[in-house]
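**Q** Take a look at this one; I'll ask things after.
FYI, it's all coordinate maths here, none of it is from the lab. The model shown is predicted, which means the values in this text are computed figures rather than measured ones. As a convention, Cβ positions derive from the backbone with ideal geometry for all residues, glycine included, and neighbour counts pool all protein chains shown.
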Amino acid sequence: MTSLPSLRALDLAHGSRIWLAAEAADMRCGFDRLAERAGKVIGEDPLSGHLFVFRSRRGDRLKILFWDRDGYVLWYKRLEAGVFKLPRLEAGARSVELRASELAMLLDGIDMSRLKRVPRYKRSTRNSASE
């Protein structure tokens, strides 16, 4: 059985990103329909190796779609009580990118909407054409 990649593996995989769809998905959707939603709703290639996270209308179920070299992997989690607490989404956003730590908090039941990220140093990127 394949498990979710570890946080360390996700953090080290520089090309791998995690996308959460803003709108609820039908949890009856399988591999192909979720891959289609990854392209249309999130706007990313489902074969890219990124993780695509979809939630149910009630918020008690999550599906994570991932392309693993030669086929899709689909993880499905249903809570017996409560709902997943999603991060704040900007109005009109169709998706939001998550960090590996944020996905771990989401799966672990931490309410990210109540968390506040403190300002950190962010290295500015210079456009080589302007030099």
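**Q** Test of the criteria: in segment 37-118, which trypsin sites (Lys or Arg not before Pro) are in a DSSP loop and have at most 10 other Cβ atoms within 10 angstrom of their Cβ?
**A** ARG69, ARG88, LYS116, ARG117
**Q** Hand me the GluC sites (Glu not before Pro) from segment 9-79 located in a DSSP loop with no more than 10 other Cβ atoms within 10 Å, in residue order please.
**A** Values: sites: GLU23, GLU36, GLU44; in loops: GLU23, GLU44.
Loop-located and lightly packed - none at all.
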